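The values are calculated or read from the model by the stated rules, or taken from the named source; none is laboratory data. Everything quoted here is computed from the prediction, not taken from an experiment. Neighbour counts are summed over all protein chains in view; Cβ atoms, including those assigned to glycine, are modelled from backbone coordinates with ideal geometry.
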Amino acid sequence: MISNPIPWPNGAKCAACLTFDMDADSLIHLEHPEDGYKRVSGLSMLRYGPTIAVPRIVDTYKQLGIRQTFYVPAWCIETYPHAIEAMLSGGNEVGHHGYLHENPVSKTKDEEAYWLDRGIDTIVKATGKRPRGWRAPLYNFSNHSIDLLVERGFTYDASLMGHDIPYMIESRSGKGRLVELPSHWGLDDWPQYVHTMDLNYLMPLRAPHAGLQAFIEEFEASYKYGGLWVPVLHPFATGRLARWDAMAQFLEKVLTRGDVWFAPMEDIAAHVNSLVKAGTWTPMRDTIPQYAEPVRVGGPA
């Protein structure tokens, strides 16, 4: 079902990375700039992520012997340094996820560049190195994003949904290209676990193992066909006690198979680039943005 399967390291059948977007309470401050600070209950739910869930998640990774990737808005890095220290203590990657989870599509190119640069500076200060990867807040990759990322030396993006395996996205302007490490909404935990009036997202909550089942079935298909399994998770949601307990049990079982490559996203992107450079595998290529101008359908003359 994958016509051009990618050779994974050491004969692994698939690659996997649990990506956590640690948005914390940036979401409430962005959604309610005038009174977000007053919404005590909603704030407590989202602050659970950096204070309780992230140390729990990192401890599980250490026990399982894996390193993974966290995408963190720069404001959250500044506000919750202890959470970033926990991530780094486990050797995990910290990727760029905006400054206050702002929407790049709604910004001008200069505005998007400003927040991108401010986030890079924050990540360098907190981690000692420039970020390799970016995930657009709420997948909002703009028509300017690829050029801005290429100009700043990023090697990969994790915002798009165009394949089941890594592929290359090339700038329409000709400035360069990035490795795209795709996911999709079926691997996002918001539809499974998030219910919040403050963010106007009211979904019927699933029991931990019921919500996990969607991720399991996606994983088994990736394992069967050689795909890339990239859940898009949030510490305040999947990091809750019963939900993370269910996920940890599943990860432990998967690791006993011995033929699944769990790696940070920057390592997966580096593997893709090494294959392309060596000429041993040719990925799909997609020009970004897909259209140079608006698509308009006129009525009859």
Could you grab me the full set of residues in segment 114-141 that are touching a residue at least 40 places away in the same chain (Cβ under 8 Å), out of contact with any strand residue (DSSP E or B) (no Cβ under 6 Å at 6 or more places or on another chain) and among the hydroxyl-bearing types (Ser, Thr, Tyr)? 122
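Residue by residue through segment 219-256, note down the ones that are within 16 Å of the chain's Cα centre (by Cα) and of a type outside the set (Phe, Trp, Tyr). Let's see the steps before the verdict.
Initial filter on segment 219-256 (within 16 Å of the chain's Cα centre (by Cα)): 228-239.
Residues satisfying the conditions are 228, 230, 231, 232, 233, 234, 235, 237, 238, 239.
Which of the residues belonging to segment 170-186 are within 26 Å of residue 224 (Cβ to Cβ) and in contact with a helix residue (DSSP H, G or I) (Cβ under 8 Å, 6 or more places away or on another chain)? Can you show your working first?
Kept after step one, since they are within 26 Å of residue 224 (Cβ to Cβ), are these residues of segment 170-186: 179-186.
Listed by number, the residues that qualify are 179, 181, 185, 186.
Criterion first (touching a helix residue (DSSP H, G or I) at 6+ places or on another chain (Cβ under 8 Å), among the basic types (Lys, Arg) and at pLDDT 95 or above) does residue 107 satisfy it?
Values: touching a helix residue (DSSP H, G or I) at 6+ places or on another chain (Cβ under 8 Å): yes; among the basic types (Lys, Arg): yes; at pLDDT 95 or above: yes.
In short, yes.
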Would you check if there is a residue in segment 204-220 being in contact with a strand residue (DSSP E or B) (Cβ under 7 Å, 6 or more places away or on another chain), more than 20 Å from residue 264 (Cα to Cα) and either in contact (Cβ under 8 Å) with a residue 24 or more places away in the chain or acidic (Asp, Glu) (or both)? no
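Here are 245, 157: which of them is farther than 25 Å from residue 293 by Cα and acidic (Asp, Glu)?
245
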Of everything in segment 3-27, what is more than 24 Å from residue 193 (Cβ to Cβ), assigned to a loop (DSSP other than H, G, I, E, B) and not small (Gly, Ala, Ser)? Give them in sequence order. 4, 5, 6, 7, 8, 13
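Mind counting the residues in segment 28-58 that are aliphatic (A, V, I, L, M) and either surrounded by fewer than 24 Cβ atoms within 10 Å (Cβ to Cβ) or outside any helix (DSSP H, G or I) (or both)? Spell out how you get there, then give the answer.
First pass over segment 28-58, keeping only residues aliphatic (A, V, I, L, M): 28, 30, 40, 43, 45-46, 52-54, 57-58.
From the residues that got through so far, the ones that are either surrounded by fewer than 24 Cβ atoms within 10 Å (Cβ to Cβ) or outside any helix (DSSP H, G or I) (or both) too are 28, 30, 40, 43, 45, 52, 58.
Residues that pass the stated criteria total 7.
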In this structure, is residue 82 under 25 Å from residue 194 (Cα atoms) and out of contact with any Gly (no Cβ under 8 Å at 6 or more places or on another chain)? yes
Going by the structure shown, is residue 89 hydroxyl-bearing (Ser, Thr, Tyr), without any contact (Cβ under 8 Å) to a residue 24 or more places away in the chain and surrounded by fewer than 19 Cβ atoms within 10 Å (Cβ to Cβ)? no
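Are any of the residues in segment 143-156 touching a residue at least 24 places away in the same chain (Cβ under 8 Å), among the charged types (D, E, K, R), under 30 Å from residue 212 (Cβ atoms) and in contact with a Ser or Thr (Cβ under 9 Å, 6 or more places away or on another chain)?
Taking every residue of segment 143-156 in turn, none turns out to be touching a residue at least 24 places away in the same chain (Cβ under 8 Å), among the charged types (D, E, K, R), under 30 Å from residue 212 (Cβ atoms) and in contact with a Ser or Thr (Cβ under 9 Å, 6 or more places away or on another chain).
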Report whether or not residue 279 is of a type in the set (Gly, Ala, Ser), more than 30 Å from residue 209 (Cβ to Cβ) and at pLDDT below 95. no
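May I ask you to list the residues in segment 117-147 that are basic (Lys, Arg) and part of a loop (DSSP other than H, G, I, E, B)? Don't jump to the end; show me each part of the working.
Here is the first cut: in segment 117-147, the residues basic (Lys, Arg) are 118, 125, 129-130, 132, 135.
Residues satisfying the conditions are 129, 130, 132, 135.
Which residues, counting only those in segment 104-113, are outside any helix (DSSP H, G or I) and either of a type in the set (Ser, Thr, Tyr) or free of Cβ contacts under 8 Å to residues at least 24 places away in the same chain (or both)? Quick ask: steps written out before the conclusion?
Pass one, segment 104-113, residues outside any helix (DSSP H, G or I): 107-108.
Matches in segment 104-113: 108 only.
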Looking at segment 137-155, which of its residues are under 27 Å from residue 82 (Cα atoms) and buried (at least 24 other Cβ atoms within 10 Å of the Cβ)? 137, 154
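Results for (1) more than 29 Å from residue 217 (Cα to Cα); (2) among the aromatic types (Phe, Trp, Tyr), shown as yes or no for each residue.
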{"residue": "95", "(1), (2)": "no, no"}
{"residue": "114", "(1), (2)": "yes, yes"}
{"residue": "117", "(1), (2)": "yes, no"}
{"residue": "137", "(1), (2)": "no, no"}
{"residue": "146", "(1), (2)": "yes, no"}
{"residue": "158", "(1), (2)": "no, no"}
{"residue": "166", "(1), (2)": "no, no"}
Inspect all residues belonging to segment 116-137 and state whether any of them is at pLDDT 95 or above, in contact with a Ser or Thr (Cβ under 8 Å, 6 or more places away or on another chain) and farther than 19 Å from residue 263 by Cα. yes
